[in-house]
1. I'm trying to understand the selection: among the residues of region 1-20, which are farther than 28 Å from Ser66 by Cβ and either surrounded by 13 or more Cβ atoms within 10 Å (Cβ to Cβ) or modelled with pLDDT under 95 (or both)?
2. Could you check region 21-56 and list, in sequence order, the residues that are in a helix (DSSP H, G or I) and exposed (fewer than 11 other Cβ atoms within 10 Å of the Cβ)?
3. Give me the pairs: first residue in region 41-58 and under 27 Å from Met1 (Cα atoms) and without any contact (Cβ under 8 Å) to a residue 24 or more places away in the chain, second residue among the hydroxyl-bearing types (Ser, Thr, Tyr) and part of a strand (DSSP E or B), beta-carbon distance under 8 Å, and six or more apart or on different chains, which are they?
4. Which residue pairs have Cβ atoms under 9 Å apart, sit 6 or more places apart or on different chains, and have a first residue in region 6-21 that is touching a residue at least 60 places away in the same chain (Cβ under 8 Å) and a second that is part of a helix (DSSP H, G or I)?
5. Could you list, in sequence order, all residues of region 57-66 that are surrounded by 12 or more Cβ atoms within 10 Å (Cβ to Cβ) and out of contact with any helix residue (DSSP H, G or I) (no Cβ under 9 Å at 6 or more places or on another chain)?
Amino acid sequence: MYTYKELQLITRNSSWWKQKKYRKESALILNTYRKNGWKLAKKRELLNNQSKDTRTFSVYFLKKPS
(Lines give C-alpha, C1' and ligand atoms only; values in the text may rest on other atoms or scores of the structure.)
Protein backbone atom coordinates (compact mmCIF):
# COMPACT_ATOMS: atom_id res chain seq x y z
CA MET A 1 0.00 0.00 0.00
CA TYR A 2 1.28 3.45 -0.92
CA THR A 3 0.59 7.00 0.19
CA TYR A 4 0.52 9.50 -2.66
CA LYS A 5 1.34 13.22 -2.71
CA GLU A 6 1.24 15.85 -5.45
CA LEU A 7 3.65 18.83 -5.59
CA GLN A 8 3.53 21.78 -7.95
CA LEU A 9 6.95 23.40 -8.40
CA ILE A 10 8.45 26.00 -10.73
CA THR A 11 10.97 24.40 -13.08
CA ARG A 12 11.59 26.83 -15.95
CA ASN A 13 11.79 30.52 -16.73
CA SER A 14 12.86 32.57 -19.74
CA SER A 15 15.47 34.41 -17.68
CA TRP A 16 18.61 32.32 -17.15
CA TRP A 17 19.28 33.51 -13.59
CA LYS A 18 15.65 33.07 -12.50
CA GLN A 19 15.62 29.59 -14.02
CA LYS A 20 18.75 28.73 -12.04
CA LYS A 21 17.12 30.07 -8.85
CA TYR A 22 13.81 28.23 -9.34
CA ARG A 23 15.47 24.92 -10.29
CA LYS A 24 17.67 25.09 -7.20
CA GLU A 25 14.66 25.75 -4.93
CA SER A 26 12.70 22.90 -6.54
CA ALA A 27 15.65 20.52 -6.21
CA LEU A 28 16.01 21.34 -2.50
CA ILE A 29 12.31 20.66 -1.91
CA LEU A 30 12.42 17.37 -3.82
CA ASN A 31 15.57 16.26 -1.96
CA THR A 32 13.94 16.84 1.43
CA TYR A 33 11.00 14.67 0.38
CA ARG A 34 13.38 12.04 -0.96
CA LYS A 35 15.28 11.93 2.34
CA ASN A 36 11.97 11.34 4.11
CA GLY A 37 11.29 8.21 2.02
CA TRP A 38 9.20 9.64 -0.85
CA LYS A 39 9.90 8.39 -4.38
CA LEU A 40 9.04 10.00 -7.70
CA ALA A 41 6.16 8.25 -9.45
CA LYS A 42 5.48 10.63 -12.33
CA LYS A 43 6.19 14.18 -13.55
CA ARG A 44 3.93 16.36 -15.69
CA GLU A 45 4.53 19.86 -17.05
CA LEU A 46 1.84 22.53 -16.85
CA LEU A 47 2.00 25.03 -19.68
CA ASN A 48 0.41 28.42 -19.13
CA ASN A 49 -0.12 30.20 -22.46
CA GLN A 50 -2.75 32.58 -21.07
CA SER A 51 -0.57 35.01 -19.15
CA LYS A 52 2.60 37.03 -19.62
CA ASP A 53 4.28 35.10 -16.83
CA THR A 54 7.27 33.18 -18.21
CA ARG A 55 7.42 30.58 -15.44
CA THR A 56 6.66 26.95 -16.23
CA PHE A 57 5.29 24.74 -13.49
CA SER A 58 5.72 21.01 -13.13
CA VAL A 59 3.57 18.66 -11.10
CA TYR A 60 5.48 15.93 -9.29
CA PHE A 61 3.61 12.84 -8.13
CA LEU A 62 5.35 11.20 -5.19
CA LYS A 63 4.67 7.90 -3.45
CA LYS A 64 5.74 6.46 -0.14
CA PRO A 65 5.20 2.96 1.28
CA SER A 66 2.70 3.06 4.13
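1. Within region 1-20, Ile10, Thr11, Arg12, Asn13, Ser14, Lys18, Gln19 meet the criteria.
2. The first filter runs over region 21-56 and keeps only residues in a helix (DSSP H, G or I), leaving 21-35.
Correct list: Lys24, Leu28, Asn31, Thr32, Lys35.
3. Pairs found: Lys42/Tyr60; Lys43/Ser58; Lys43/Tyr60; Arg44/Ser58.
4. Close Cβ pairs satisfying both conditions: none exist.
5. We begin by selecting, within region 57-66, every residue surrounded by 12 or more Cβ atoms within 10 Å (Cβ to Cβ); these are 57-64.
Within region 57-66, Phe57, Val59, Phe61, Lys63 meet the criteria.
The values are calculated or read from the model by the stated rules, or taken from the named source; none is laboratory data. Keep in mind it's a predicted model, so treat the numbers as computed, not measured. Heads up, the Cβs are rebuilt from the backbone with ideal geometry, glycines too, and the neighbour counts pull from every protein chain shown.
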